[in-house]
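The values are calculated or read from the model by the stated rules, or taken from the named source; none is laboratory data. Not measured: the values here are computed from a predicted model. Cβ placement follows ideal geometry from the backbone for every residue including glycine, while neighbour counts extend to all protein chains displayed.
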Amino acid sequence: MTRLLLLLLLTFLGADANAGNYGQRDDVQIFVHEMQDRHGFDADVLTALFRQTRPVAAVIKAVMPPADPAIRSWQVYRERFVEPKRIAAGQRFMRIHAAELAAAEMRFGVPAEIIAAIIGVETFYGKQMGRFRTFAALATLGFDYPPRAELFRKELEELLLLAREENRSPLAYTGSYAGAMGLPQFLPSSRRRFALDFDQDGRIDLANSPADAIGSVANFLAGHGWERNAPIASTVIVAGDGVQALIDEGITPLRTPREMQAANISLAGVMSPAAPETVSLADGPDGTAIPDQPAALIDFVTPQVTTEYRLGYRNFYVITRYNRSSFYAAAVIDLATALRVSK
């Protein structure tokens with residue numbers, strides 16, 4: 001869909017007097033009857049819910065790409081999340097919830113600072129959870145945002161199943177414009193699959209129970225293959241004709257660093273962000289050497305600045321299952337590093 005068509009759609013949705021409610025639409029009625037056939041929902045009850053729901057223009061506005069996208073910059077992205085206020089809030093969060101974080105780390109093998117960093121990046125420790133009605137947001141995206149309509153209709157289906165399981169009205173849930181909810185910003189499908197009653201109070205509450213959020217984030221990462229005590233990423237210096245070909249292979253960890261070196265590149269590990277020295281693979285496992293495990297070579301580009309490179313191991317890839325972005329995963333890692341150092 002072109003941006004012009006999306007702008008026309010946004011204009012249409014903004015005209016509340018003309019937009020109507022979703023209960024009147026044929027495509028929504030098809031969805032209603034699919035829910036009746038697949039899951040036994042009452043079609044009249046679902047239609048009544050959709051009659052109470054109108055398209056939300058602000059949701060379409062939020063999801064649309066900018067007309068003039070900014071130049072992609074790792075440093076700009078990183079500075080949004082790895083900054084003093086978020087670090088200080090993360091320190092407080094880790095002090096207050098030290099017992100829950102330790103319990104989650106012991107059970108799932110995910111470091112406490114990684115769990116805390118994800119919650120910090122997602123919602124600033126609960127300050128930015130969103131106020132959209134989840135049902136209306138998902139309906140808007142599922143029926144009026146063609147580029148990703150199938151995904152959001154699936155999440156709308158998951159929300160209805162979740163509400164039935166929890167004996168709540170589907171209209172009671174709130175969150176981001178994209179339908180993500182609570183401290184960890186789980187979509188309904190993740191909420192149903194990975195959310196835990198980690199504080200054992202008899203219910204799952206990702207908005208008001210940090211313990212439930214902590215356990216659920218750890219369970220999500222473990223469920224996607226997190227490896228206990230395994231490396232996450234290594235900052236490296238690379239050179240050679242084969243660098244771009246390795247980057248083009250994507251973020252799935254496919255080659256060990258030694259195999260990468262055989263692909264016409266040189267590779268050395270950075271000892272620390274403050275030190276220019278490097279250590280070669282041959283130096284062995286002394287705390288600074290690069291783990292020789294399957295990884296992906298990932299570039300972090302900032303205009304007019306030397307590109308940063310990292311090896312992303314299996315656990316780096318797992319973090320990208322939370323958000324399909326290498327920048328996101330690296331920001332989580334860097335915030336977690338700041339929180340670990342500050343403990």
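Only one entry in LEU156, LEU171, LEU187 is assigned by TED's automatic domain parsing to the domain that holds PHE135, in contact with a helix residue (DSSP H, G or I) (Cβ under 9 Å, 6 or more places away or on another chain), buried (at least 21 other Cβ atoms within 10 Å of the Cβ) and at pLDDT 95 or above, namely LEU156. The set of residues from the range 294-310 being of a type in the set (Asp, Glu) and surrounded by fewer than 17 Cβ atoms within 10 Å (Cβ to Cβ) comprises just one member, ASP299.
Among the residues of the range 76-87, which ones are surrounded by fewer than 13 Cβ atoms within 10 Å (Cβ to Cβ) and assigned to a helix (DSSP H, G or I)? Passing the criteria: GLU79, ARG80, PRO84, LYS85.
Any residue at all in the range 123-131 that's more than 20 Å from ASP199 (Cβ to Cβ), touching a Lys or Arg at 6+ places or on another chain (Cβ under 9 Å), among the hydrophobic types (A, V, I, L, M, F, W, C) and not assigned by TED's automatic domain parsing to the domain that holds ALA329? Looking for residues that are more than 20 Å from ASP199 (Cβ to Cβ), touching a Lys or Arg at 6+ places or on another chain (Cβ under 9 Å), among the hydrophobic types (A, V, I, L, M, F, W, C) and not assigned by TED's automatic domain parsing to the domain that holds ALA329, one finds none in the range 123-131, hence no. Applying a threshold of 8 Å to beta carbon distances and a minimum spacing of six or more residues, or different chains, the list of pairs starting in the range 129-140 at a residue that is closer than 8 Å to GLY179 by Cα and ending at one that is among the acidic types (Asp, Glu) and at pLDDT 95 or above reads LEU138/GLU155. Is it the case that some residue within the range 51-69 is part of a helix (DSSP H, G or I), more than 30 Å from GLN128 (Cβ to Cβ) and in contact with a helix residue (DSSP H, G or I) (Cβ under 9 Å, 6 or more places away or on another chain)? Scanning the range 51-69, I find at least one residue that is part of a helix (DSSP H, G or I), more than 30 Å from GLN128 (Cβ to Cβ) and in contact with a helix residue (DSSP H, G or I) (Cβ under 9 Å, 6 or more places away or on another chain), so the answer is yes. Of the helices (runs of 4 or more DSSP H) contained entirely in the range 91-158, those carrying at least 1 residues that are out of contact with any Cys (no Cβ under 6 Å at 6 or more places or on another chain) and among the β-branched types (Val, Ile, Thr) fall at 112-123, 134-144. Would you pick out the residues in the range 226-246 that are touching a residue at least 40 places away in the same chain (Cβ under 8 Å) and in a loop (DSSP other than H, G, I, E, B)? Selection gives TRP226, GLU227, ARG228, ASN229, ALA230, PRO231, ILE232.
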